[in-house]
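Working notes for the structure below.
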Amino acid sequence: MTKEIKLGAQFRDASFSSVEIRADGAQKKLALSASSTEPYQRIYGTEVLSHDSKAIRMDRFSRSAVPLLFNHNWDDAIGMVTGARIENNRLMVDAQPFDTQRANEVLKMVEGGLRNVSIGYHVHEFSVNEKTDTYTATDWEPLEVSIVTVPADATVGIGRSQELAPVSVRVNVAQPAAQAAFYKETQMAEAQAAAGVSAVQVIDNGMQERLRITTINKLCAQHKIGEDQRDSYIGEGKSAEDVATAILDVIAQRAKSGVKPTELDLSKSDTQKFSLMRAVMAAHDKNWSKAGFEAECSKAIAQRLGTVPDPHKFYVPLDIQRKQLPTPTDMTQYGLHKRDLAAATGSAGGYLVGTNNQSFVELLRNRSVAFNMGARSLSGLTGNVTIPRHTGAGTAYWLANETTGITESQQTFGQLSLTPKTVGAYTEISRQLALQSSPDAEGLVNSDLAAVVALALDTAVLNGSGASGQPTGIINTAGIGSVTGTSIAYAGILEFQTDTAGSNALFGTSGYVTTPTVAALLMQRVKFTSTASPLWEGNVLDGSVTGLRAMSSNQVPSGNLLFGAFDQVVVGEWGVLEVEVNPYANFAAGIMGVRAMYSLDVGVRYAAAFSLATSVT
């Protein structure tokens with residue numbers, strides 16, 4: 001399919017440029033390498049200039065109509081190009097400098113070592129390779145050749161001329177179905193232009209759309225997103241930022257469904273058969289004869305991780321970390337028995353009534369303020385992970401007149417890297433409890449270890465230092481906003497929201513996290529004098545502020561009030577729980593120490609989505 005776009009004059013450096021000065025009697029002449037086939041990144045894709053003899057319009061050279069300029073300035077001509085030829089896929093030109101003081105000044109600069117050459121040209125036809133996003137100019141016309149002081153600066157010091165006015169460029173490209181919407185939009189824009197709408201506006205709209213498509217193509221290629229999904233993103237008109245967020249969901253799904261070295265694909269009966277307490281006792285006694293299944297699971301994980309088995313240490317498969325502890329029916333089915341407990345009396349078992357025994361992973365997440373506020377989890381990871389994030393937007397420009405070219409701008413995307421950082425949890429249990437090896441004992445140890453890890457994880461997400469092995473938490477992430485003042489009132493509460501909104505990062509998922517002390521202060525303060533309108537509504541632990549969710553935790557540093565969209569926080573979890581037993585934690589009392597190691601990392605996609613006050617009183 002053939003389409004048209006409008007482009008002004010293009011400028012590019014001459015790769016491997018050379019300037020040779022020749023003496024012709026009393027006069028000096030120049031021989032220059034003006035252009036080559038080197039790729040050049042443009043807003044619409046990667047541009048290549050064909051140097052086939054039929055691709056370059058040479059008639060301007062034959063008419064001596066190509067000037068030699070300084071810094072692409074049409075008001076600073078220093079000579080004329082007198083001849084041109086193609087050698088080794090490069091355009092070579094000869095130039096005759098003017099006999100003027102200005103030309104002599106530039107010649108002295110060249111003699112002193114200035115060798116930068118750049119060319120200005122119009123493209124009349126592109127041939128497009130959609131797979132590589134390469135635009136090969138198969139019909140292009142040189143306008144001028146310049147000696148330049150700074151390469152690749154086509155916007156500084158350029159004079160304006162009718163020679164630089166936008167021209168129509170044919171684009172030969174097969175029309176993918178998913179891009180039909182884009183071409184339809186372009187056709188509508190052209191119709192509007194015919195009806196009297198500024199043609200320059202049409203150019204700008206087309207370039208912005210091309211920028212969107214190019215950015216989506218690069219994001220999808222970088223994260224191995226299939227062509228069908230990529231085309232769907234483009235056809236649905238999704239912004240590049242929306243696509244970056246959607247790719248994060250894809251990465252999360254890959255983490256759930258991919259093959260993980262710490263997951264053994266155990267059956268339900270096998271996951272119920274695994275006993276954390278039996279493994280603890282085996283590690284304590286260095287006798288695994290009664291914990292053969294647990295030993296085999298740990299050995300399989302060790303082999304996959306390339307580590308040497310240790311009799312005092314074992315690995316817990318991800319399958320086990322996620323399992324739900326057995327129901328009464330399951331207990332009978334798997335040969336487990338449990339004594340009757342009396343619900344009426346707390347000491348006889350009433351304290352256990354209504355509790356849900358959950359997996360290590362779920363316990364960890366349920367105890368975390370960060371997860372409760374919406375932090376995203378990527379579980380079961382095996383290697384370093386990169387997450388796409390938007391770091392800069394393209395820029396729109398007002399155009400002075402119909403000959404003004406659009407300044408090229410780029411949306412920029414970065415990558416948020418997650419690498420495993422390990423946290424340890426330690427608890428002590430009695431030998432008698434370990435010998436019980438019942439679901440109650442399992443749940444107690446599981447819960448205790450998960451609680452300790454959860455506290456460390458919460459601290460890492462909220463206030464990790466980024467040093468000494470810790471992840472970098474929200475509070476220590478560069479670029480978050482701030483609200484000053486100590487006695488936060490209604491105006492201060494709203495300032496958190498306007499702070500993030502000023503960076504286009506106020507989301508409906510945003511909320512407040514602080515300490516119980518600050519929460520209590522906000523409950524005592526009102527929005528409007530002499531009314532029952534507390535800033536913090538609800539209870540001290542869970543409430544709402546201006547209709548947005550609010551939670552308190554002693555994990556938050558004293559006096560801090562943090563606002564933001566917690567779903568912009570990504571927590572990567574590397575799914576191997578390493579448990580090591582110290583049989584001599586308290587030898588006299590028969591107490592053993594159990595240490596669990598868990599690997600995770602924290603990343604903030606958009607720092608501007610958060611704002612912090614540090615001294616609320």
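Assorted remarks:
- Note on the stretch 201-233: among residues that are of a type in the set (Lys, Arg) and closer than 21 Å to Val171 by Cβ, the one that is modelled with the highest pLDDT is Arg230.
- Residues that are buried (at least 17 other Cβ atoms within 10 Å of the Cβ), at pLDDT 80 or above and more than 18 Å from Ile387 (Cα to Cα) within the stretch 234-269 comprise just one, Ile234.
Let's see how each residue does on (1) touching a residue at least 24 places away in the same chain (Cβ under 8 Å); (2) assigned to a helix (DSSP H, G or I):
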residue: Ile488; (1), (2): yes, no
residue: Leu522; (1), (2): yes, yes
residue: Glu537; (1), (2): no, no
residue: Phe563; (1), (2): yes, no
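- Filter result (surrounded by fewer than 21 Cβ atoms within 10 Å (Cβ to Cβ) and among the β-branched types (Val, Ile, Thr)) within the stretch 484-505: Thr484, Thr486, Thr498
- Within the stretch 265-302, considering residues that are assigned to a helix (DSSP H, G or I) and of a type in the set (S, T, N, Q), the one farthest from Trp574 (Cα to Cα): Ser269
- Residues in the stretch 103-133 that are charged (D, E, K, R) and closer than 24 Å to Arg63 by Cβ: Glu125 alone.
- Selection within the stretch 43-96 - acidic (Asp, Glu), loosely packed, with under 15 Cβ neighbours inside 10 Å and within 22 Å of Arg22 (Cα to Cα): Glu87
- Those residues of the stretch 564-617 which are among the β-branched types (Val, Ile, Thr), under 21 Å from Thr459 (Cα atoms) and crowded, with 20+ Cβ neighbours inside 10 Å, in sequence order: Val569, Val570, Val571, Val576, Val602, Val604, Val616
- The sole residue among Leu457, Leu462, Leu444 that is of a type in the set (A, V, I, L, M), modelled with pLDDT of 85 or more, within 28 Å of Val576 (Cβ to Cβ) and part of a helix (DSSP H, G or I) is Leu462.
- Residue pairs meeting the criteria (Cβ under 6 Å; at least 6 apart or on separate chains; first at pLDDT 80 or above, in the stretch 356-381; second assigned to a loop (DSSP other than H, G, I, E, B) and surrounded by fewer than 19 Cβ atoms within 10 Å (Cβ to Cβ)): Gly374/Thr509
- Selection count, the stretch 459-483, where residues are surrounded by 14 or more Cβ atoms within 10 Å (Cβ to Cβ), under 16 Å from Phe610 (Cβ atoms) and not aliphatic (A, V, I, L, M): 9
- The listed residue being in contact with a His (Cβ under 9 Å, 6 or more places away or on another chain), under 24 Å from Tyr44 (Cα atoms), among the acidic types (Asp, Glu) and assigned by TED's automatic domain parsing to the domain that holds Glu20, out of Glu130, Glu144, Glu125: Glu144
The values are calculated or read from the model by the stated rules, or taken from the named source; none is laboratory data. Note that the structure is predicted; figures quoted are calculated from it, not measured. Reconstructed Cβ throughout: ideal geometry from the backbone, glycine too, with neighbour counts over all protein chains shown.
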